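**Q** Could you have a look at this structure, given as structure tokens, before my questions?
Bear in mind these aren't lab numbers, they're just calculated from the coordinates by the rules spelled out. Computed from a predicted structure; not experimentally measured.
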Amino acid sequence: MKRLSVLSRLWFVLLLLSWVPQAQAVKLKPFILGDTPPGGAVEVVAKTEAALQAQGLRIVGSYAPYPGATVICATNDALIAAAAAAENGGFGVAQRVSVTEVDGKLQLAYVNPAYLGTAYGLGKLEGVSAKLNAALGRTLEFGAKGVEARKLVPGKYHYGMGMPYFHDVTLLNKFNDHDTAVATVEHNLAAGKGGTKKVYRIDLPGKQVSVFGVGIPQGDGPDDGRKDTDKEVMAIIDYQDYRSTAALPYELMVQGKEVIALPGRYRIALHFPDTPMMGKHGFFSIRSSPGGIKKALEAVAGYDKQKGLSASGL
């Protein structure tokens, strides 16, 4: 009887241990809904920028990807340091905040630093989160049912079999030196190549790394049939009550002599992890988007399909 009691206790302890990891599993969501201040769109954007600056965040750029939406991009020393310390960490150096009109009302939202920091190998970015919470508020997390932190890290997260991981970066072009690569990107963004728009540029100190925020307002044009513009992509996958406009813009990074970007199939899926494969709002409806986005970013990088990768630039 005593032996049975000991076995029963042991069974209970093992059962408890098997349950604890599940109970403690941390699930993260890609976006946070803030507290929208009163006023019209222009006033709310101005108040949002002022609130970010009051918390020590520097506004590096903003743009309207389509009517009724504004995205503000900001950074600070902590975010830059985290980005500089991680492999390909520059992709996460800019924090994105959105003000979007939905059914006649404005929504203030921003990318969850813990979610993106985990996915890009920057850590949970608690300090950055605290600054954003103080500046913008924190009503709720949204954008997915939640992804376990341990499954979100580089090398772990991908949408499904055959889909890319964080480290599967796309090489857009290659040059003889870093300065020529940066000058080429700057020149082509100024010219609107690929139907693009420059939103920001952030240089990582002490490194040959320059990160560009690239909007795609025009792309190949609305009659091309390729869903590559910000509006076309988001009109299909960003349809829920709370809008994920802060998924924009895309990042292009000059790292040494190379111009690289995250594959569209990884980046879009990361920001919209619960999107189904099929259906009106599924990935199949934007199946041309990753290729269209890549084509636009290649134009910015100066890639010529006929000539192949460049070695000279301008």
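**Q** Can you run phi through the Karplus equation (6.51, -1.76, 1.60; θ = phi - 60°) for the stretch 145-154 and list ³J(HN,Hα) in whole Hz, with x for Gly and Pro?
**A** Calculated HN-Hα couplings, in order: 5, x, 10, 4, 4, 5, 9, 9, 5, x Hz.
**Q** Right, another one. Mean-square fluctuation check for the chain, GNM, Cα pairs under 10 Å: which of T70, T170, T48 is largest?
**A** Looking only at T70, T170, T48, the biggest GNM fluctuation is shown by T170.
**Q** Taking amide H positions as placed 1.01 Å from N in the peptide plane, with prolines and chain starts having none, which residues 5 or more places from F142, or on another chain, fall under 5 Å of its amide H?
**A** Those lying under 5 Å, H to H, from F142 are F31, I32, L33.
**Q** Please list, in chain and number order, the residues 5+ apart from T196 or on another chain whose amide H is under 5 Å from its amide H, with Hs placed from the backbone.
**A** The answer is G219.
**Q** Here's something else I'd like to know. Output wanted: per-residue J couplings in Hz (rounded whole) for the stretch 276-283, from phi through Karplus 6.51 cos²θ - 1.76 cosθ + 1.60, θ = phi - 60°, x for Gly and Pro.
**A** x, 6, 10, x, 4, 10, x, 5
**Q** Separate question: With a 10 Å cut-off between alpha carbons and a GNM built on the chain, which of N176, N188, N112 moves the most?
**A** Answer for the Gaussian network model of the chain: N176.
**Q** Next up: How high is the relative contact order of the chain, in percent, counting Cα pairs under 8 Å that sit 6 or more residues apart?
**A** That works out to 20 percent.
**Q** With θ taken as phi - 60° and the coefficients 6.51, -1.76 and 1.60, list the Karplus ³J(HN,Hα) couplings across the stretch 60-76 in order, rounded to whole Hz; mark glycine and proline as x.
**A** Computed from phi, the couplings for the stretch 60-76 are 9, x, 7, 6, 9, x, 6, x, x, 9, 9, 10, 10, 10, 9, 8, 8 Hz.
**Q** Further question: Where is the GNM fluctuation largest for the chain (alpha-carbon springs, 10 angstrom cutoff): Y66, Y239, Y250?
**A** Y239
**Q** Here is a further query. Give, in whole angstrom and from largest to smallest, the semi-axes √(5λ) of the equivalent ellipsoid of the stretch 180-247, with λ running over the eigenvalues of the Cα gyration tensor.
**A** 27, 18, 7
**Q** Now, a different point. Return the whole-Å distance between the Cα centroid of the stretch 162-207 and the Cα centroid of the stretch 108-150.
**A** Distance between centres, Cα-based: 25 Å.
**Q** In addition: As an exercise, take the mean of 1/r over every pair of distinct alpha carbons in the stretch 31-301, invert it, and state the Kirkwood radius in angstroms.
**A** For the stretch 31-301, inverting the mean 1/r across all distinct Cα pairs yields 18.5 Å.
**Q** What are the residues whose amide H is under 5 Å from the amide H of E148, where those residues sit 5 or more places off or on another chain and H is modelled from the backbone?
**A** L28
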